[in-house]
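To keep things clear, I will list the structure first and then write my remarks on it.
The values are calculated or read from the model by the stated rules, or taken from the named source; none is laboratory data. In this text the structure is predicted, and so the values were computed from the model without any measurement. Neighbour counts are summed over all protein chains in view; Cβ atoms, including those assigned to glycine, are modelled from backbone coordinates with ideal geometry.
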Amino acid sequence: MTAPQSTPAKITSPSMFQPSPNLAKRYKIDRIFEIAALISTIVGLVVLAVLLTDVVLDGLPRLSLNFLTNYPSRKPEQAGILSPLVGTIWLLLTTAAIAFPIGVGAGIFLEEFAADTLAAKIIEINIANLAGVPSIIYGLLGLEVFVRIMEPITKGRSILAGALTLALLILPIIIVATRESLRAIPNSLRMAGYALGATRWQVISEQILPLAIPGILTGTILALSRAIGETAPLIAIGALTFIAYLPHLSLEGFQTPFTALPIQIYNWVSRPQVEFHTNAAAGIIVLMVVLLLMNTTAIILRNKFQKAR
């Protein structure tokens, strides 16, 4: 019995190992793009550092306990940010209480329950478009709907009207963040839950949603960070620039007039006196500290829920 003859190895041509003639050109273009991106990043960071340095040097000497505990005043040396700071906190908490459940619920429905129909696709397109609408448009909408039409409920230019307006502003962001967080969960977990006899809601609420919570919270807090710095919608709905009292800690407090840090900063910057410009710089520092605290909270919550998986 003769042994089978082995097939001779195929002789490859040396030209098969030669690089493509366009490969060197592609590497060169890639390197140019990398350098351009690095330069753009450095320029942006330098401009941001210059602006922050200028604000800190102007406003840091003005920061004091009296500045944080005094009400706004026509005298720059006596002016403080107590009512704008408290108004910002009220506005932030009310906006979160309105936007978070609605945005997360809408994201869960569109991602997990809605069928792939033409209506669902139209809703998705509209949500993506709403995320790019200028904030002043939301302010005009809030002025007509929440200040005028819903005046019996909101009492006009109140904290509730401002919170509803800002909730509309950040709803598309929260919905998109919720959907992306749910989409990142492997579909095999859903199939495993269904195989064990769980209902769709049981799989979502007990398996999928806990894993998606870090991304949802991060997106929500970043959206709130955008809302807290918005001035145009609050100006459009008629937020006050001078308030010498604090809202009451009751349901009626949501229906009282309000001011916020962006409004107060805008008011001080628009004045000709240099002392008010210094107050504005100090107010910007306080606003940045609030934003940093919110972003830090987002990171802590994300890490906490990721460790609990």
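Scan segment 114-125 and report the pairs whose first residue is closer than 17 Å to residue 176 by Cα and whose second residue is among the β-branched types (Val, Ile, Thr) and assigned to a helix (DSSP H, G or I), with Cβ atoms within less than 9 Å and a gap of 6+ or a chain change.
From residues that are closer than 17 Å to residue 176 by Cα, the pairs are 114/123.
For residues in segment 98-113 being of a type in the set (Phe, Trp, Tyr) and surrounded by fewer than 19 Cβ atoms within 10 Å (Cβ to Cβ), which is nearest to residue 176 (Cα to Cα)?
First pass over segment 98-113, keeping only residues of a type in the set (Phe, Trp, Tyr): 100, 109, 113.
Right, trim to surrounded by fewer than 19 Cβ atoms within 10 Å (Cβ to Cβ) and you get 109, 113.
Numbers: 109: 12, 113: 15 Å.
Across segment 98-113, the extreme among qualifying residues is 109.
So, residue 197, is that one surrounded by fewer than 20 Cβ atoms within 10 Å (Cβ to Cβ), at positive phi and either in contact with a Lys or Arg (Cβ under 7 Å, 6 or more places away or on another chain) or free of Cβ contacts under 8 Å to residues at least 24 places away in the same chain (or both) or not? Spell out the reasoning first.
Values: surrounded by fewer than 20 Cβ atoms within 10 Å (Cβ to Cβ): yes; at positive phi: yes; either in contact with a Lys or Arg (Cβ under 7 Å, 6 or more places away or on another chain) or free of Cβ contacts under 8 Å to residues at least 24 places away in the same chain (or both): yes.
Yes: the conditions hold for residue 197.
Going by the conditions given, is residue 165 hydroxyl-bearing (Ser, Thr, Tyr), more than 24 Å from residue 243 (Cβ to Cβ) and either touching a strand residue (DSSP E or B) at 6+ places or on another chain (Cβ under 8 Å) or buried (at least 23 other Cβ atoms within 10 Å of the Cβ) (or both)?
no
Look at segment 80-97 and say how many of its residues are aliphatic (A, V, I, L, M), surrounded by fewer than 22 Cβ atoms within 10 Å (Cβ to Cβ) and farther than 19 Å from residue 160 by Cα.
1
Assess whether residue 104 counts as being under 30 Å from residue 263 (Cα atoms) and at pLDDT 90 or above.
Answer is yes for this residue.
Can you give me the number of residues within segment 50-90 that are among the basic types (Lys, Arg) and without any contact (Cβ under 8 Å) to a residue 40 or more places away in the chain?
2
So which residues in segment 231-254 are aromatic (Phe, Trp, Tyr) and assigned to a loop (DSSP other than H, G, I, E, B), if there are any at all?
242, 245
Does segment 169-194 hold any residues that are charged (D, E, K, R) and buried (at least 16 other Cβ atoms within 10 Å of the Cβ), and which are they?
Across segment 169-194, the qualifying residues are 179, 190.
Mind checking which helices (runs of 4 or more DSSP H) fall wholly inside segment 151-230 and carry at least 2 residues that are under 19 Å from residue 100 (Cβ atoms) and either out of contact with any Cys (no Cβ under 8 Å at 6 or more places or on another chain) or acidic (Asp, Glu) (or both)?
159-183, 209-228
Here are 305, 258: which of them is over 23 Å from residue 179 (Cβ atoms), crowded, with 16+ Cβ neighbours inside 10 Å and either modelled with pLDDT of 80 or more or under 24 Å from the mean Cα position of the chain (by Cα) (or both)?
Exactly one of 305, 258 is over 23 Å from residue 179 (Cβ atoms), crowded, with 16+ Cβ neighbours inside 10 Å and either modelled with pLDDT of 80 or more or under 24 Å from the mean Cα position of the chain (by Cα) (or both), namely 258.
Suppose the filter is modelled with pLDDT under 90 and either small (Gly, Ala, Ser) or surrounded by 10 or more Cβ atoms within 10 Å (Cβ to Cβ) (or both); does residue 15 pass it?
yes
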